[in-house]
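**Student:** Sending over a structure as structure tokens; questions will come in a sec.
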Amino acid sequence: MAQMHNKLSPADAIWSLRRLPDMDDAQFSQWQTLLEHRTGITLPVERRSFLETNLGIRMREIGCSSYQAYYEQIVSGPDAIQEWSTLVDRLTVQETRFYRDPDAFRMVSDFVLTRPREQLKKRPLEAWSVGCSTGEEPYTLAMVLNECMNQLNLQPLFGVTGSDISKPAIEKARVGQFNPRKLLGMDEAMKDRYFRPAERNTVEIISSIRERVCFTRLNVLDLDKAPMHGMNIIFCQNLLIYFRRWRRREIVRRLAERLAPGGLLVLGQGELTDWQPPGLQKVPSEHVLAWIKRQTDEE
Ligand SMILES: C[S@@+](CC[C@H](N)C(=O)[O-])C[C@H]1O[C@@H](n2cnc3c(N)ncnc32)[C@H](O)[C@@H]1O
């Protein structure tokens, strides 16, 4: 097996031009199991070429010549943790944009605007974007909350947390600079209010919004270790679609535990069907899948 390193030697460079062999069924199944066990993501057989391509790119980068050798490197090699962290970023779908689901953000806005004013003045609103990718969703939440506070003539007392399994995605989110393509479809006045031109033809979020948003790396399978609790809004869209039904339910149950009484949980349309999470009340809506956590008797 070729040694793992970052720069290719001339011999490796010649080797890297060669095509990797096709992945056999047993190897595909081994990678499927590893990915699901560690992330919850199921890889259907139609995604086999996606797996082959992305493993192949990474293997070429580090000079590894067989899927089996790479698998062993990932599970028990000296740099296994570091290498897994790089690979998981390549195997997750990170597509996102600002205001991706306008109906869901309208629901967040209605939720805030109809809360008792005294409550909003007393305690900061806490929102959490789970599976936030490169940050567009949590920054949108921050803009929406800011708009609400302005409308209510209140101080911007709120905080947003974004979490994701991918370290590179979280690092990009923290920088807060985006390709203008990610703002497509956004209201022009909102763009003017919340973005400034930045280096290399990017735009950046204004600092008063950026400083209200923090990011952390978190695997949604490890929610029991997450410090978040008492959240007023939890947004989890376009993540559970990759998971099995039983696991979606399990995660929704755990997210519900992290909501404050009266808090709002928003998923993507169709991400949880035929099941009513205990302790939550469905918000009537044709276009948004959301629940409110029931108040307990003492509250
Ligand atoms: C398609 S993006 C969704 C981004 C955003 N929520 C949206 O709807 O625009 C899915 C994100 O989920 C993340 N993800 C996948 N598996 C995860 C896991 N087990 N724990 C946390 N995040 C995960 C991926 O890294 C990716 O950034």
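The values are calculated or read from the model by the stated rules, or taken from the named source; none is laboratory data. Just so we're clear, the structure is a prediction, and the values are computed from it rather than from any experiment. When we count neighbours, we look across all protein chains shown, and the Cβ atoms used for this are built from the backbone with ideal geometry, even at glycine. Surface areas here come from the heavy atoms of the whole protein model, side chains and all, with no ligands, DNA or RNA. Shrake-Rupley method; radii C 1.70, N 1.55, O 1.52, S 1.80 Å.
**Student:** For residues that are of a type in the set (K, R) and within 12 Å of the ligand (Cβ to nearest atom), scanning just the stretch 93-115, find the one that is most open to solvent (accessible area, probe 1.4 Å).
**Tutor:** Here is the first cut: in the stretch 93-115, the residues of a type in the set (K, R) are 97, 100, 106, 115.
Narrowing the set further to residues that are within 12 Å of the ligand (Cβ to nearest atom) leaves 97, 100.
Values: R97: 91, R100: 67 Å².
Restricting to residues being of a type in the set (K, R) and within 12 Å of the ligand (Cβ to nearest atom), the top hit is R97.
**Student:** Ok, one more. Six or more apart or on different chains, Cβ under 6 Å: which pairs go from a residue in the stretch 207-232 that's surrounded by fewer than 12 Cβ atoms within 10 Å (Cβ to Cβ) to one that's basic (K, R)? Could you list them?
**Tutor:** Hits for this filter: H229/R258.
**Student:** Continuing with the same structure: Considering only residues that are surrounded by 13 or more Cβ atoms within 10 Å (Cβ to Cβ) and over 33 Å from the mean Cα position of the chain (by Cα), look in the stretch 9-42 and name the one that is modelled with the lowest pLDDT.
**Tutor:** It comes out as W15.
**Student:** Restricted to the stretch 75-92, and to residues that are away from the ligand (no atom under 16 Å from the Cβ) and outside any helix (DSSP H, G or I), which residue is surrounded by the most Cβ atoms within 10 Å (Cβ to Cβ)?
**Tutor:** G77
**Student:** Out of E95, E46, report the one residue that is assigned to a helix (DSSP H, G or I) and out of contact with any helix residue (DSSP H, G or I) (no Cβ under 9 Å at 6 or more places or on another chain). Talk me through it step by step, then tell me what you get.
**Tutor:** Working: E95 fails: assigned to a helix (DSSP H, G or I).
Of the residues listed, the single one that is assigned to a helix (DSSP H, G or I) and out of contact with any helix residue (DSSP H, G or I) (no Cβ under 9 Å at 6 or more places or on another chain) is E46.
**Student:** Scan the stretch 156-191 for residues that are of a type in the set (A, V, I, L, M, F, W, C), closer than 15 Å to P138 by Cβ and open to solvent by 40 Å² or more (accessible area, probe 1.4 Å) and jot them down.
**Tutor:** The one that is of a type in the set (A, V, I, L, M, F, W, C), closer than 15 Å to P138 by Cβ and open to solvent by 40 Å² or more (accessible area, probe 1.4 Å): V175.
**Student:** I'd like to check something: does the stretch 279-290 contain any residue that is open to solvent by 10 Å² or more (accessible area, probe 1.4 Å) and on the phi > 0 side of the Ramachandran plot? Break it down stepwise before answering.
**Tutor:** Taking the stretch 279-290 first, the residues open to solvent by 10 Å² or more (accessible area, probe 1.4 Å) are 279, 281-287, 289.
Checking the rest, the ones that are also on the phi > 0 side of the Ramachandran plot come to 279.
Yes.
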